[in-house]
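All remarks here apply to the structure that follows.
Throughout, read-outs are computed from the coordinates displayed, never taken from laboratory work. Since the structure is predicted, the reported quantities are computational estimates derived from the model, not experimental observations. All Cβ positions, glycine included, derive from the backbone under ideal geometry; neighbour counts span all protein chains shown.
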Amino acid sequence: MDIGIGLPNAVRGVERRGFVDWARRAEEVGFSSLGTIDRLAYPSFESLIALSAAAAVTERIRLATDILIAPLRANTALFAKQTATLDQLSGGRLELGLSPGGREDDYDVSGLEFGARGRAFDRQLEDLQRLWRGERGVGPAPARDGRPRLLIGGAIDRAFRRAARYADGWTAGGAGPDQFRAAREKVREAWRAEGRDGEPRTMALFYFSLGGRAREAAQEKLGDYYAYLGDYAQNIVDSAATDADTVRRYVAGFEDAGADEVICFPASADPEQVELLAEAVR
């Protein structure tokens with residue numbers, strides 16, 4: 001199983017210097033991917049621009065959105081062009097995890113209908129296939145196989161069917177290893193029902209914060225990011241891996257559950273977290 005690391009694009013207070021240093025360090029110590037999480041109504045770095053900055057200072061590490069809220073990019077032709085450009089400029093390193101998202105405030109600030117996001121996402125997935133193939137004259141062409149590598153996020157049957165119909169696989173979001181295992185089987189069933197060969201690629205994630213003030217950083221940063229969930233936000237804070245043993249337990253759990261990759265997302269923007277995580281999983 002590959003092990004990636006999230007960029008601190010959604011950690012409040014992150015700045016350019018630490019962000020660029022983080023990307024360089026992650027490649028140097030051998031992580032498989034740099035990941036972003038996506039939100040509009042929050043002072044986070046936008047995912048595709050953040051990955052473009054990371055692409056400019058790295059050469060080999062994959063660039064993953066896990067996930068990006070696709071219907072917020074309502075101009076699908078422009079979105080196809082942006083993602084194909086990033087895929088080309090990075091040498092085919094882009095891995096798009098896409099989902100309709102679940103936060104109403106992101107849609108409110110966009111002037112888009114929250115209740116229509118699933119239907120909009122389905123139309124968008126159909127259109128993206130054609131646009132990436134160049135059928136409407138929108139270029140450049142993506143670097144690999146007619147489109148960037150594509151994963152679909154979500155924990156409902158409709159998400160599993162989307163992954164089987166349109167994508168290379170599925171990404172779990174915030175599920176633990178046991179939930180991941182059960183959902184992965186549903187993805188595989190949908191894959192076979194769609195007549196797809198081989199196995200779907202699957203990805204998982206968890207949060208971490210290591211070193212001094214690890215628990216305090218998780219409480220402060222994750223508690224702020226997920227405050228819109230009310231009391232449930234504390235469950236996410238408490239689930240963060242704040243010591244090396246917990247990191248290793250999560251990694252082993254997802255590997256045993258059949259994940260192809262797990263991305264460890266930070267609750268701190270301190271670039272020293274890169275080396276601390278590398279030591280924990282080495």
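Looking at region 22-57, which of the residues that are aromatic (Phe, Trp, Tyr) and over 17 Å from residue 225 (Cα atoms) is nearest to the chain's Cα centre (by Cα)?
Going through region 22-57, the residues aromatic (Phe, Trp, Tyr) turn out to be 22, 31, 42, 45.
Next, from what is left, pick out any that are over 17 Å from residue 225 (Cα atoms): 22, 31.
Details: 22: 17, 31: 15 Å.
Checked region 22-57; the qualifying residue nearest to the chain's Cα centre (by Cα) is 31.
Taking each residue of region 235-247 that is in contact (Cβ under 8 Å) with a residue 60 or more places away in the chain and looking for partners that are assigned to a helix (DSSP H, G or I) and among the aromatic types (Phe, Trp, Tyr) with beta-carbon atoms closer than 8 Å, six or more apart or interchain, yields nothing.
Which is over 30 Å from residue 238 (Cα atoms), more than 18 Å from the chain's Cα centre (by Cα) and not in a loop (DSSP other than H, G, I, E, B), of 161, 144, 136? Show your work before the answer.
On the way: 144 fails: not in a loop (DSSP other than H, G, I, E, B); 136 fails: not in a loop (DSSP other than H, G, I, E, B).
So the residue among 161, 144, 136 that is over 30 Å from residue 238 (Cα atoms), more than 18 Å from the chain's Cα centre (by Cα) and not in a loop (DSSP other than H, G, I, E, B) is 161.
Restricting attention to region 261-279, and to residues there that are in a loop (DSSP other than H, G, I, E, B) and of a type in the set (A, V, I, L, M, F, W, C), which single residue is surrounded by the fewest Cβ atoms within 10 Å (Cβ to Cβ)?
Initial filter on region 261-279 (in a loop (DSSP other than H, G, I, E, B)): 267-271.
Adding the requirement that they be of a type in the set (A, V, I, L, M, F, W, C) leaves 267, 269.
Values: 267: 30, 269: 20.
The extreme case among them is 269.
Of the helices (runs of 4 or more DSSP H) lying entirely inside region 13-126, those containing at least 2 residues that are small (Gly, Ala, Ser) and surrounded by 17 or more Cβ atoms within 10 Å (Cβ to Cβ) span 16-29, 47-56, 76-89.
Residue by residue, here is whether (1) out of contact with any helix residue (DSSP H, G or I) (no Cβ under 6 Å at 6 or more places or on another chain); (2) charged (D, E, K, R); (3) within 20 Å of residue 151 (Cα to Cα) holds:
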residue: 23; (1), (2), (3): no, no, no
residue: 30; (1), (2), (3): yes, no, no
residue: 39; (1), (2), (3): yes, yes, yes
residue: 43; (1), (2), (3): yes, no, no
residue: 79; (1), (2), (3): yes, no, yes
residue: 83; (1), (2), (3): yes, no, yes
residue: 98; (1), (2), (3): no, no, yes
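Per the conditions (1) basic (Lys, Arg); (2) in a helix (DSSP H, G or I); (3) over 29 Å from residue 27 (Cβ atoms), the sole criterion not satisfied by residue 221 is (3). A Cβ distance below 9 Å, combined with a sequence gap of six or more or placement on separate chains, defines the contacts here; from region 126-146, residues that are closer than 11 Å to residue 80 by Cα and in contact (Cβ under 8 Å) with a residue 40 or more places away in the chain reach residues that are in a loop (DSSP other than H, G, I, E, B) and among the β-branched types (Val, Ile, Thr) in the pairs 131/138; 132/138. Only one of the numbered conditions (1) touching a Phe, Trp or Tyr at 6+ places or on another chain (Cβ under 6 Å); (2) outside any strand (DSSP E or B) is violated by residue 5, and that is (2). When the test is whether a residue is under 27 Å from residue 184 (Cα atoms) and either in contact with a Lys or Arg (Cβ under 8 Å, 6 or more places away or on another chain) or loosely packed, with under 15 Cβ neighbours inside 10 Å (or both), residue 133 does not pass it.
Scanning region 197-218 for residues that are within 25 Å of residue 154 (Cα to Cα) and surrounded by fewer than 19 Cβ atoms within 10 Å (Cβ to Cβ) returns 197, 198, 199.
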